[in-house]
Amino acid sequence: MTPVAPVGYLASGLVFATFCTKHMVQLRTLAIASNIAFIGYGYLGKLWPILILHAAMLPLNTHRLRQEIWQPAPATTARRPRRINGSADRRQQDVA
């Protein structure tokens with residue numbers, strides 16, 4: 001195994017980990033880590049397409065992570081009960 005291969009396996013493992021996440025901040029953080037690992041792998045192995053791709057994706061993932069962290073929390077609104085065939089309306093009329 002070449003000294004470059006472990007970096008590639010690390011990068012691949014980080015990409016796999018992104019598919020196991022449920023939260024966007026965690027996904028973007030792992031994606032940034034995988035971008036950095038793939039940039040190192042591409043540089044060490046002289047794999048220019050991989051290096052260029054992940055160098056382009058790194059600022060995008062960083063920007064999206066910032067958006068996710070700094071966006072204001074959505075306002076919660078109370079939901080009205082769901083009405084099925086007007087049954088809720090009939091119960092309201094029977095009580096009145």
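The values are calculated or read from the model by the stated rules, or taken from the named source; none is laboratory data. Bear in mind that the values here come from a model prediction, so they are computed numbers and not experimental data. Because the Cβ atoms are built from the backbone with ideal geometry, glycine has one as well, and the counts that use them run over all protein chains shown.
Consider the stretch 1-55 and keep the residues that are hydroxyl-bearing (Ser, Thr, Tyr) and within 21 Å of Glu68 (Cβ to Cβ). The one that is surrounded by the most Cβ atoms within 10 Å (Cβ to Cβ) is Ser34. Pairing each residue of the stretch 21-39 that is over 15 Å from Leu58 (Cα atoms) and in contact (Cβ under 8 Å) with a residue 24 or more places away in the chain with any residue that is surrounded by fewer than 17 Cβ atoms within 10 Å (Cβ to Cβ) and not small (Gly, Ala, Ser), provided the two are 6+ apart or on different chains, yields C-beta distances under 8 Å for Met24/Glu68. Report whether or not Arg79 is at pLDDT 90 or above and among the basic types (Lys, Arg). Judged against the criteria, Arg79 is not a match.
Count of the stretch 34-57 residues, restricted to those that are within 18 Å of Ala5 (Cβ to Cβ), under 18 Å from the mean Cα position of the chain (by Cα) and hydrophobic (A, V, I, L, M, F, W, C), is 3.
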